[in-house]
Amino acid sequence: MRIWMVLMFVVMLMLSVSGCGGAQSSAVTEGKEEAMAAFQRVASDEAQRMMAENTNYIILDVRTAGEYAGGHIPHAINVPNESITTAPPKELPDKDQMIFVYCRSGARSQQAAQKLANMGYTHIVEMGGINNWHGDVVK
């Protein structure tokens, strides 16, 4: 009987300790998420609507130069995702300007948008890939 009580005590102690550990881990995770800079994600149709309502924006194509040459959204500038590191790109001098970011399918544009947001750019709109674009394309 005594062994049974000791065993129950140990199990209860382990449960209470693991419960505390989980809460602490969650708080740390929440803190990391809050520390990450944010950007807005929209579908290409919504991006087109936003472009129609605004005049001061840049369209940023983060695909390779070859992909860009094969066809891009009108007036887009090309800064490949791989070239966006920790220094702000010279092509994007205004950190408060609205920047629409796209690639082929959406993966690189998400990476680039996060890098730009981490550098302090404040109006990043990630619009996925040109594969979903329903507007004009310059070839």
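Please treat every number below as a calculation from the coordinates, not as lab data. These numbers come from a predicted model, not from an experiment. Ideal geometry is used to build each Cβ from the backbone, glycine not excepted, and the neighbour counts take in all protein chains shown.
Other residues with beta-carbon under 10 Å from the beta-carbon of N56 carry, at +1 per Lys or Arg and -1 per Asp or Glu, a net charge of -2. Computed from the C-beta positions of Q97 and N132 and an R0 of 30 Å, the FRET efficiency is 0.80 to the nearest 0.05.
Would you mind getting me the FRET efficiency between Q40 and T86? Use the beta-carbon distance for r and R0 = 25 Å, nearest 0.05. Computed FRET efficiency for Q40 and T86: 0.70. G135 sits among other residues whose Cβ lies under 14 Å from its own Cβ, and their net charge, with Lys and Arg +1 and Asp and Glu -1, is -2.
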